[in-house]
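In what follows, a structure is listed as structure tokens, so that the remarks can point back to it.
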Amino acid sequence: MDAAIALKKASCYSQQLNLHKMKIAKENIEVKMEIPGAVIRQRTEFGDATGYGKISCEFFSLSAGVDTTPLFIGLEGDLCQSPHWGYVISGQITTTDSEGIQETVNTDDLFFWPAGHNVKVNEDAEIIMFSPQHEHSTVINHMIGKTKN
């Protein structure tokens, strides 16, 4: 990776650390417009994708009890090194970051998880995530390799 890209990613990661994790329930997102048949809510400054290339979209169906900890062993810090922006369709998930700080997201929450986390599924869950394609594909391929051992 050339120095300019590495610097951009480091800057982006630094900004995301300042944002830390964040979640917000639908009812706590400001209504910007409401007309018959439509409600538009917006949360601005919900993470920063500066410095990343293509974004992938993922749909995860997860059973209660799933814990990514053993799947991430061997990645930097034994943690997922991809940030994610997402929405919890149903269920409950708790993330733990490198400092041991936990955050739980629930049905209808929007979330941002910076790079450097593990995931534990508390209740069967379905989520949609948007992630930097290269970084998350690396993590997914690592997990696939772990399941083949």
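Only the coordinates and a few stated rules stand behind these numbers; no lab work does. These numbers come from a predicted model, not from an experiment. When we count neighbours, we look across all protein chains shown, and the Cβ atoms used for this are built from the backbone with ideal geometry, even at glycine.
The table that follows gives values for the structure above.
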quantity	calculated
Theoretical ellipticity at 222 nm over the chain - DSSP helices of four or more residues, -39500 (n - 2.57) apiece, nearest 500	-8000 deg cm²/dmol
Gyration tensor verdict on region 39-117 (Cα atoms; rounded if a/c is under 1.5, prolate if a/b is larger than b/c, oblate otherwise)	oblate
Among beta bridges that DSSP assigns inside the chain, antiparallel share in %, nearest 5	95
Relative contact order of the chain, defined on C-alpha pairs under 8 angstrom at six or more residues apart (%)	29
Intensity falloff of the chain expressed as log10 I(q)/I(0), Debye formula with alpha-carbon point scatterers, at q = 0.11, 0.14, 0.15 Å⁻¹	-0.44, -0.71, -0.81
His142 paired with Tyr87, simple spin-label distance in nm, labels 7 Å along Cα-to-beta-carbon	2.9
Rounded tilt (10° steps) of 133-148 against the dominant C-alpha axis of the chain	60
Cα-based helix-to-principal-axis angle, 3-19 vs the chain, degrees rounded to 10	50
Calculated FRET efficiency for the pair Arg41/Asp67, C-beta based, R₀ 41 Å, to 0.05	0.80
Mean projected area in nm² (Cα convex hull; one quarter of hull surface) for region 72-136	4.1
Qualifying aspartates and glutamates (Cα of each under 13 Å from Cα of Lys146; at least 8 residues distant if same chain)	Asp78
